[in-house]
Structure formats: structure tokens, C-alpha cells
Amino acid sequence: MPSFARKVSAYFIVEDAVRAIDFYKQAFGATEIFRMTDPSDGRIGHAELRFGETLMMLADEYPDFGALSPDTIGGSPVTFHVDTDSTDAAVAQALSAGATLLRPATDQSFGERVAQVIDPYGHRWMLSQTIEQVTPAEMQRRWDEGTSV
């Protein structure tokens, strides 16, 4: 079967997109590419941010189009994985910008130092740093044995 997808980008729906854009800049070093503001009420109808090599799109809630934030629908099952140079530094930066710590940074058996935060808009972020190259077979062996690094 031929692949039709060239890339996948996240599209966040948030309450108060203006504040969310500022948060993502402070917490994760995102760069705003552009935004379109709804002339009827000032909501952000579409914005694009760059996180390193990744493009993320964002908009305020538009319930009439089914665009609802995690807070409105009771949470999100999605967690965004962020590859960092330093998990501990990334956590400190996210927390200072207003994120809430869900899981502190710990070394994992699959070769990463991982922490998890939730942003003020209901999106979960897994902040990760590679600390060891581990093969899939070794990851499974460690998991089966319940061992860590």
C-alpha cells in the first residue's frame, strides 16, 4: 500500500491561545511562525509554532466546529514526547513557565531519562534525554526482568 503521509504535525486546541503561545515559547523554546486572529472576536483561529525541527499548529476553541480543548472534554489521551539535551533542565524550564510536574525525572530501562509535565492547557509532555543506546531486544529483556539501568 503506498504511503500518502509526508509528515505528521500536532494541532492543539486550547483555551486562551494568546497565553498558550507565550507559555510554549517560555516552557519549550518554541518560535512563533505566524498567527491569524478572528476579526469577529479576537480568538486565534490558527497559529503555527516551531519546536526545534517540529511544526505545531494551535487554535482557540471553536465549539461550533468541534474544536475543543482537553480541559473542556475532560483531558487528553495524547502525550507529546520531546527529545531534549537535558531532561532536568527541560523540566525546570517548563515548571518555571507554569507547567505542573506529573512524574519526576528518572532513568529508565529503555535508555532514557524521562519526566512528565502537564501544561496549563491540559496537554501532557514527556521530556526525554537519551542516556544509553539500548537495542529493542535488551529493552524487552529488561522489561521482562523488571530491571532498570
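Computed quantities for the displayed model
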read-out	value
The one condition in (1) under 17 Å from residue 125 (Cα atoms); (2) surrounded by 13 or more Cβ atoms within 10 Å (Cβ to Cβ); (3) among the hydroxyl-bearing types (Ser, Thr, Tyr) that residue 9 fails to fulfil	(2)
Count of the range 115-139 residues which are assigned to a helix (DSSP H, G or I) and either touching a His at 6+ places or on another chain (Cβ under 6 Å) or surrounded by fewer than 13 Cβ atoms within 10 Å (Cβ to Cβ) (or both)	2
Candidate set from the range 122-149 (those that are in contact with an Asp or Glu (Cβ under 8 Å, 6 or more places away or on another chain) and among the hydroxyl-bearing types (Ser, Thr, Tyr)); member that is modelled with the lowest pLDDT	148
Residue selected from the range 18-71 under the condition among the hydroxyl-bearing types (Ser, Thr, Tyr), exposed (fewer than 14 other Cβ atoms within 10 Å of the Cβ) and touching a residue at least 12 places away in the same chain (Cβ under 8 Å), by the criterion nearest to residue 87 (Cα to Cα)	31
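The values are calculated or read from the model by the stated rules, or taken from the named source; none is laboratory data. On a predicted model such as this, the values are computed, not experimentally measured, just so you know. Cβ atoms come from the backbone with ideal geometry, glycine included; neighbour counts cover every protein chain shown.
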